[in-house]
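Peer 1: To start, I am sharing the structure in question, which I have written as structure tokens.
The values are calculated or read from the model by the stated rules, or taken from the named source; none is laboratory data. Quick caveat: nothing in here was measured; it's all calculated off a predicted structure. As a convention, Cβ positions derive from the backbone with ideal geometry for all residues, glycine included, and neighbour counts pool all protein chains shown.
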There are 2 protein chains.
Amino acid sequence: MMRRNLTFVLVVLLAAGPAARGQSPGRDYRKAHERELLAEFAELLAIPNVASDRANIRRNADHIVKMMERRGLAPRLLEAADAATPPAVYGEWKVEGAARTVVLYAHYDGQPTDPKQWAAGLEPWRPTLRTAPLEAGGSTVPMPKAGEAINPEWRLYARSSSDDKAGVMAVLAAVDALKAAGRRPTSNLKIFFEGEEEAGSPHLADILARNRELLRADAWVIFDGPVHQSGRKQVVFGVRGVTGVDITVYGARRPLHSGHYGNWAPNPAMTLARLLASMKDERGRVLVRGFYDDAEPLGEAERRALKEAPQVDEELKAALGFARAEGAGKNLLELLSEPSLNVDGIASAEVGAQARNVIPTTATATIDMRLVKGDDHRRQVARLVEHVRAQGFHVTDKEPTDEERRSHPLLARVTPRGGYNAERTPMDWPLSKLITDAVQSVSPDRVVRLPTLGGSLPLYVLRETLGAPSITVPLANYDNNQHAENENIRLQNLWDAVEIVAAIMTMKE
Amino acid sequence: MMRRNLTFVLVVLLAAGPAARGQSPGRDYRKAHERELLAEFAELLAIPNVASDRANIRRNADHIVKMMERRGLAPRLLEAADAATPPAVYGEWKVEGAARTVVLYAHYDGQPTDPKQWAAGLEPWRPTLRTAPLEAGGSTVPMPKAGEAINPEWRLYARSSSDDKAGVMAVLAAVDALKAAGRRPTSNLKIFFEGEEEAGSPHLADILARNRELLRADAWVIFDGPVHQSGRKQVVFGVRGVTGVDITVYGARRPLHSGHYGNWAPNPAMTLARLLASMKDERGRVLVRGFYDDAEPLGEAERRALKEAPQVDEELKAALGFARAEGAGKNLLELLSEPSLNVDGIASAEVGAQARNVIPTTATATIDMRLVKGDDHRRQVARLVEHVRAQGFHVTDKEPTDEERRSHPLLARVTPRGGYNAERTPMDWPLSKLITDAVQSVSPDRVVRLPTLGGSLPLYVLRETLGAPSITVPLANYDNNQHAENENIRLQNLWDAVEIVAAIMTMKE
């Protein structure tokens, strides 16, 4: 998850001040074992891992169990009540007298993908090394043999090479690194690799609830998502919630000839246009009453972190090809800390070559709304419905009846798309600082700290089910094509990931 | 063409006053020859007749030539410069000393159709008699044998049974009727059956221009389209012109994750909504500057005819399932005499089950505009473009360049869809009256006279190429499913058609 659709190269912004580096036991080990690490990773990546592919997803789980057994992590599968669910793979490294318990999270399933969409020579589950990103040319290189040099700018192409088997591999390689260095973690470590995150984690709450004692911890560290667009590492303290609706408005029961009935029979495409236009002003502020009311204001630490984070708005606009952003002058990072309303798509009859001169019968918009701490997803939907009513619509949740058609000039069917709330861990919580320092300790550039991701993950489940706060530490390069074809990881990001995880495993006050 | 998408049954409105009936030589002949007429018609309907099906469309033309030869109409094919064009079939009945020359027009090609869409037991080119419209139940009946009674409420199902081989058959059967009665037409008759009307008549002007002398006439009578929804016959003196545009507005170059960029990156679906909403007010009046300025006002005769025409607005609204019409209080017939602007469709990314939480890259609307006498289609498009500019958009006719994306916050690509102007023959022209009287002479109910159809036909071509005015006399039942699957004609409408054409052939001052 946590996709960033940026495949361009942003100039790496200069860091405010590089910090001390090299406290992690990860680097020496990794340097000495790059080839083995890559080989073991490629073996894992070769197993197809779409959550709905029951046979193969179990092969992944069993394979990871074996990888953990080799490392003495006492692995086991955590099953949901529904036996068809991809199991979570659990392991642990108990540390006598540790000050705390931390769960290290990654997911081993990947987004579904159409192999035909992958570039020639690439296949989702046949890991392939290339000397450069596809867009930049380069060529295929064979997996390195003993003694061959490995360029850290090479890319390893495969489904989940970034999202999120990179997290799985980094955790296990960091275990190797500690063991090789004869070091123990400073925290009691629990390891939790989910198997259906890309399917929306429908059974995560069930698995957590069935293993409350086993999973008891002070915090979860989520290894998932890409680092900052600038290339700088980041630590993220929250995610937005998400919800949405489908709205369909109605015209006549049948498509009508626009010559014979146009400008007399109501046109639902035009009705929808008017309704959507009422939802936001020209500068992009949402006009739904109360929309911003419940958002908890950011604390002092969060506001400062936002100010310190790199501002890439202008570079992004140029790269994305538009001249003016929404948001009434606020920058991207500020806006990501607010609730949002976005039109995902609109449809009514046909356009272009398929268009006919008709008055359509219906017009539909799908809208998503992002939520921040304080917002409730059901309440935001209720506000949107209230807004539709305030525009004069009769709102229903099914196809309108004849009687409704007769009585109401404006009819809207609103179907909520489900959702969940935001989650945020305070940045000034001691463990927040500790984890940030650990990541910083192995990063040459200043780590970007974000109070929240713009995107959504169901991290609220951790707090609701286990009472556990969570902190997200992304590992992959931002231009990794996750969720799309030609997914890849830059090797340096994989190497850094091992160091980051090892640093977190050994963090000290 | 001239589709009416009404398949419900409207109460037949009471006529203001039935006129004298029975002057046409058509009725006695038809009554005596219903079976033969049906058999000959079924033979014609059995030949597939989509204009792009070159082999079959020629089979139709050749078949019609034979039908005309049997009747001594000296038929010939009129070819376009492009030999692949479906030919028009021409014939004539010269009348020594006739006061005038009239061209009788129909078209023998039909709309493309997917046979799989037809109801079980029906096929587009296998004519089938049923005792009632499909929607009303009924059953299939075999083609009648000699001496068997034929119910005039039966329906004959086949592609073009209404649109517009009914016109071809009615003209030829009316010739039979006159000949059987030993009567001569009162006008010099020329017969012109077009072969690619449903493809938009792309070569009609060419064929007309190549046969200017041959086709010289005082007027064209167009036998096409359905009668009034009330069941009353109608005579129509004009058609609206039509044009249109595709408008695409732009957001970022790539689809963006709505969580990471929503409410910052501009959303083209929302931009399009705002643009469309600016084009019409809430009551449906078009807000494009000058939109109504060029429309020639209706004359006295036309205004009176509109007042006398049946007002079916309330019945239509109930049948079509909506509570409030557009048009700022004007009724349907008044609105059809004005220019109109209609959204044919809108599209941006996906909705419903296919929707993803993205900010779309583009949003497109297809718009059609109907024109009345006085309007020029290029000028109406120019006005719409001007309106888009007035909303702050930079308007282009191709994909925007990087430079355009950089410099203009609002970008719209406008692609005109071609078009043509309206055509209208004055209702107080002597031949207008004469033709109306002829139709009235065989109609029990008062004939509905309409200054213009809401729909469009390229009748301007007749005036521009030949200087010929045209008058349209629809023949088919309004619930004939023309342009759709399960096209049919009610037999009584076919019988009436023979009488109407015969009455026009023998009309006298």
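Peer 1: Contact list please: Cβ distance under 8 Å, first residue in segment A:289-308 and of a type in the set (Val, Ile, Thr), second residue modelled with pLDDT under 95 and not in a loop (DSSP other than H, G, I, E, B), pairs at least six apart or on different chains.
Peer 2: Pairs that qualify, where the first residue is of a type in the set (Val, Ile, Thr) and the partner is modelled with pLDDT under 95 and not in a loop (DSSP other than H, G, I, E, B): there are none.
Peer 1: Determine, yes or no, whether A:ASP496 is touching a residue at least 60 places away in the same chain (Cβ under 8 Å) and more than 25 Å from A:ALA174 (Cα to Cα).
Peer 2: The answer is no for A:ASP496.
Peer 1: Mind checking which helices (runs of 4 or more DSSP H) fall wholly inside segment B:360-461 and carry at least 3 residues that are touching a residue at least 60 places away in the same chain (Cβ under 8 Å)?
Peer 2: B:377-390, B:430-441
Peer 1: How many residues does segment A:360-387 hold that are of a type in the set (A, V, I, L, M, F, W, C), within 11 Å of chain B (Cβ to nearest Cβ) and surrounded by fewer than 24 Cβ atoms within 10 Å (Cβ to Cβ)?
Peer 2: Result for segment A:360-387: 0.
Peer 1: State the number of residues belonging to segment B:147-183 that are of a type in the set (D, E, K, R), farther than 20 Å from B:VAL439 by Cβ and modelled with pLDDT of 95 or more.
Peer 2: Of the residues in that region, 5 qualify.
Peer 1: State the number of residues belonging to segment B:426-472 that are β-branched (Val, Ile, Thr), closer than 23 Å to B:ILE191 by Cβ and touching a Leu at 6+ places or on another chain (Cβ under 8 Å).
Peer 2: Selection size over segment B:426-472: 4.
The rows are residues; the columns are (1) crowded, with 24+ Cβ neighbours inside 10 Å; (2) more than 7 Å from every other protein chain (Cβ to nearest Cβ).
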residue	(1), (2)
B:VAL239	yes, yes
B:PRO255	no, no
B:SER278	no, yes
B:ARG285	no, yes
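Peer 1: Here's something else I'd like to know. Could you tell me whether segment B:102-112 includes any residue that is assigned to a helix (DSSP H, G or I) and over 19 Å from B:GLU499 (Cβ atoms)?
Peer 2: no
Peer 1: What single numbered condition from (1) out of contact with any Ser or Thr (no Cβ under 8 Å at 6 or more places or on another chain); (2) closer than 21 Å to B:GLU43 by Cα fails to hold for B:LYS94?
Peer 2: Here B:LYS94 clears every test but (2).
Peer 1: Inside segment A:316-337, can you point out the residues that are at negative phi, surrounded by fewer than 21 Cβ atoms within 10 Å (Cβ to Cβ), assigned to a loop (DSSP other than H, G, I, E, B) and in contact (Cβ under 8 Å) with a residue 40 or more places away in the chain?
Peer 2: Correct list: empty.
Peer 1: Still on this structure, please answer the following. Looking only at residues in segment A:63-97 that are of a type in the set (D, E, K, R) and more than 22 Å from A:GLU198 (Cβ to Cβ), which one is surrounded by the fewest Cβ atoms within 10 Å (Cβ to Cβ)?
Peer 2: That would be A:GLU96.
Peer 1: Please work out which residue is farthest from the chain's Cα centre (by Cα), limiting yourself to segment B:338-359 and to residues that are part of a loop (DSSP other than H, G, I, E, B) and within 7 Å of chain A (Cβ to nearest Cβ).
Peer 2: That would be B:ASN357.
Peer 1: Right, A:ASN342: surrounded by 24 or more Cβ atoms within 10 Å (Cβ to Cβ), within 30 Å of B:VAL239 (Cα to Cα) and of a type in the set (S, T, N, Q) or not?
Peer 2: Taking the combined requirement at face value, the residue does not satisfy it.
Peer 1: Okay, moving on. Of the residues B:ARG232, B:ARG274, only one is under 30 Å from B:GLN492 (Cβ atoms) and either in contact with a Ser or Thr (Cβ under 8 Å, 6 or more places away or on another chain) or surrounded by fewer than 24 Cβ atoms within 10 Å (Cβ to Cβ) (or both); which?
Peer 2: Only one candidate qualifies: B:ARG232.
Peer 1: Taking the conditions exactly as written (facing another protein chain (nearest Cβ under 8 Å) and either at pLDDT 95 or above or touching a Ser or Thr at 6+ places or on another chain (Cβ under 9 Å) (or both)), does A:GLU302 satisfy them or not?
Peer 2: No, not satisfied.
Peer 1: Still on this structure, please answer the following. Any residue in segment A:186-202 that is more than 13 Å from A:TYR105 (Cβ to Cβ) sitting within a Cβ distance under 7 Å of a residue that is of a type in the set (Lys, Arg)? List the pairs, counting only those 6 or more apart or interchain.
Peer 2: These pairs meet every condition: A:THR186/A:LYS508; A:SER187/A:ARG100; A:ASN188/A:LYS94; A:ASN188/A:ARG100.
Peer 1: Which condition number in (1) within 25 Å of B:ARG449 (Cα to Cα); (2) within 14 Å of another protein chain (Cβ to nearest Cβ); (3) in contact with a strand residue (DSSP E or B) (Cβ under 8 Å, 6 or more places away or on another chain); (4) in a loop (DSSP other than H, G, I, E, B) is the one that B:GLN229 fails?
Peer 2: (3)
Peer 1: Next question, about the same structure. Looking only at segment A:262-276, which residues are touching a strand residue (DSSP E or B) at 6+ places or on another chain (Cβ under 7 Å), of a type outside the set (A, V, I, L, M) and either over 20 Å from B:ILE346 (Cβ atoms) or at the interface with another protein chain (Cβ under 7 Å from one of its Cβ atoms) (or both)?
Peer 2: A:GLY262, A:ASN263, A:ASN267
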